[in-house]
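Participant: Here it is, the structure, as structure tokens.
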Amino acid sequence: MKVVPLNSFYKKNEFKKHFVITFASEKGGVGKTTIATNLAIYLKALYEDLPVTVASFDNHFTLDHMLSFGPSPAHDITDLLTNSLASELTVLGQYGVQYIPSTKKLSPPPHSPCWLKERIDASKFEGILILDTKPVLNWFTEAALLASDLVIAPIKDRAALMNVLTMNNVLCRVGQSRALWLLPSLVDLRAKDNKGDSFYQSLKMAALDLNYQVLDMYISKSPKVESLASFSSLNIPSILSKARKTAVHGQIKQLADFVYSQFRSQLKEEITKQILENKIDTDKKENVDFVENKLLKQNYKKNVI
């Protein structure tokens, strides 16, 4: 059996180099957009050489107000639904985060929601792409779910938890239910349920009883963080710049580390799969490590923030 040389294999460049994360909830007010946008900023701050892009299928322009500066961009999220490449779509924003500008005029294309994954793959994104969605299961939310490698559903109460079912059903149809993780959000550890128990712990146990994966962390309710969106100017400051002394600062850092570990794990799996399919000699573990580090250009150095 002929074995493909490792260097030749690497030069073929046949890897999926992006990792798609969707933040979704059918219940509004769970902190979804705030978490998604700040996660992008924290990922870039922690791993500055890692390409990070964020886009929103909602039309509230929060990410634009947090990231934009300079002249009005020529493209917006509607161009993702054409044949545009990532290099044409994305705008370099504040904090070094790339973003796709939002729009109020967003109509679903004449395709099934599965089609968005094909478009994202064809657009040649690299690194991590974060998608924010409307609090409704419309074409764009379903398409984002189906395009995702990781889905994070913030839950702040039992109503938000119950609404996860429809999203889970979408993922189950394509065998991707393990991509879904629930993130308790806007948590007040002082809050008790009607039995006098911790509301946070009760919510977490209820999610686990429903066989959902729940992140071993939470995002606290913070008046300081909530006040950031009420700044008088159109520019919304980030948690990193204006709320570093809150508990949420450390929690978003923890979430960024989880996301980065998921990104690395998937890349390793993809490389291993490609090596096997291309008959690369895998007797030596360093073959996989070599290609992984080549693909990532380097093992991204983690900054202290």
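Participant: Out of the residues in the stretch 81-90 that are surrounded by fewer than 21 Cβ atoms within 10 Å (Cβ to Cβ) and of a type outside the set (Ser, Thr, Tyr), state the one that is farthest from ALA144 (Cα to Cα).
Facilitator: Taking the candidates together, the pick is GLU88.
Rundown of residues vs (1) more than 25 Å from SER230 (Cβ to Cβ); (2) part of a helix (DSSP H, G or I); (3) over 12 Å from the mean Cα position of the chain (by Cα); (4) small (Gly, Ala, Ser), yes/no style:
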site	(1), (2), (3), (4)
VAL20	yes, no, no, no
GLY28	no, no, yes, yes
ILE41	no, yes, no, no
ALA45	no, yes, yes, yes
GLU48	yes, no, yes, no
LEU63	no, yes, yes, no
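Participant: Within the stretch 79-87, is there a residue that is in contact (Cβ under 8 Å) with a residue 60 or more places away in the chain, in a loop (DSSP other than H, G, I, E, B), hydrophobic (A, V, I, L, M, F, W, C) and more than 27 Å from ASP257 (Cβ to Cβ)?
Facilitator: Within the stretch 79-87, not a single residue is in contact (Cβ under 8 Å) with a residue 60 or more places away in the chain, in a loop (DSSP other than H, G, I, E, B), hydrophobic (A, V, I, L, M, F, W, C) and more than 27 Å from ASP257 (Cβ to Cβ).
Participant: Still on this structure, please answer the following. Do we find that ALA256 is closer than 18 Å to PRO154 by Cβ, in contact with a His (Cβ under 7 Å, 6 or more places away or on another chain) and of a type in the set (Gly, Ala, Ser) in this structure?
Facilitator: No: the conditions fail for ALA256.
Participant: Let me ask something additional. What's the total number of residues in the stretch 66-86 that are touching a strand residue (DSSP E or B) at 6+ places or on another chain (Cβ under 6 Å) and under 15 Å from LYS104 (Cβ atoms)?
Facilitator: Residues in the stretch 66-86 being touching a strand residue (DSSP E or B) at 6+ places or on another chain (Cβ under 6 Å) and under 15 Å from LYS104 (Cβ atoms): 2 in total.
Participant: Every residue in the stretch 218-236 that is closer than 23 Å to LEU183 by Cα, crowded, with 16+ Cβ neighbours inside 10 Å and not aromatic (Phe, Trp, Tyr), please.
Facilitator: ILE219, SER220, LYS221, SER222, VAL225, LEU228
Participant: A further question follows. Filter the helices (runs of 4 or more DSSP H) completely within the stretch 239-305 down to those with at least 2 residues that are modelled with pLDDT under 80.
Facilitator: Output list reads 247-277, 285-295.
Participant: If you check TRP181, TRP139, TRP115, which single one turns out to be surrounded by fewer than 23 Cβ atoms within 10 Å (Cβ to Cβ), within 18 Å of the chain's Cα centre (by Cα) and among the aromatic types (Phe, Trp, Tyr)?
Facilitator: Criteria check complete, one pass: TRP181.
The values are calculated or read from the model by the stated rules, or taken from the named source; none is laboratory data. Since this is a predicted model, take the numbers as computed values, not measurements. Glycine also receives a Cβ, built like all others from the backbone with ideal geometry; neighbour counts cover every protein chain displayed.
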